[in-house]
Amino acid sequence: MDILLIKCIASGFLLAAPIGPVNLICMRYTLSEGRMSGLMAGMGAALADALYGAAAAAGLSILTTFISQYDAVFRWGGGVFIFLLGIATFRAQPKSTSDNKNSKHSLHKLCAGVFLLTLTNPVTIFTFIAVFSSFGISALVTDLSTTLLAAVGVFIGSALWWGALTSIVCLFRSRVTPHVIVQINKIAGIIISLLGIASIAGV
């Protein structure tokens, strides 16, 4: 059980680390609105990773078949969502200090939005299946309790990455002026939009 948990934590951390739309969104919200906003964005991704991790650990062939069958739908839906998110990021302006005090509702909305965004990436579950196979995790999952433990491990690993990322970004937040944030938003917006186009094109 301990070996399974450690392997799943490592898997969650490693799979969350590569730079992609969610990493850019997390960094952008951390810089413009504070660590809590960035962390909540990351938690949305961590929850989706945990769900996909549980599916991969359980070897849910029905789910993987469904995702494979409707890959184009997931790809287009996620791509359009990412592209629009990139446009919104490009046009975003820095918020004042009073605006940065986000309500629980807006934080939950941010978390839910990133959760759905992460779920629209059909590659995620297949990546988990590949990593779990190479780490020998699939052989350790034998029942519901070990499946849930795998999901918890993935969530912890993913959450550790988002916690580390927001902490690092926060170190530079005090040195970032509103003008720099505007430029960061524009650059991040362009990159996120291009990632959305790449997803639609199937690149």
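Since every read-out is calculated from the coordinates, none of them should be taken as a lab result. It should be emphasised that the depicted structure is a prediction, and the values quoted were computed from it without experimental measurement. Reconstructed Cβ throughout: ideal geometry from the backbone, glycine too, with neighbour counts over all protein chains shown.
Computed from label points 7 Å out along Cα-Cβ, the spacing between L116 and I87 is 1.7 nm. Listed by Cβ neighbour count within 10 Å, with the fewest neighbours leading, R35, R28, R175 appear as R175, R35, R28.
Multiplying the residue separation of R175 and I190 by 0.36 nm and removing their Cα-Cα distance gives an extension gain of 3.1 nm. Can you give the FRET efficiency to the nearest 0.05 for I6 and L144, using r as the Cβ-Cβ distance and R₀ = 22 Å? Calculated value: 0.65. Sorted fewest first by neighbouring Cβ atoms within 10 angstrom, S174, S133 come out as S174, S133.
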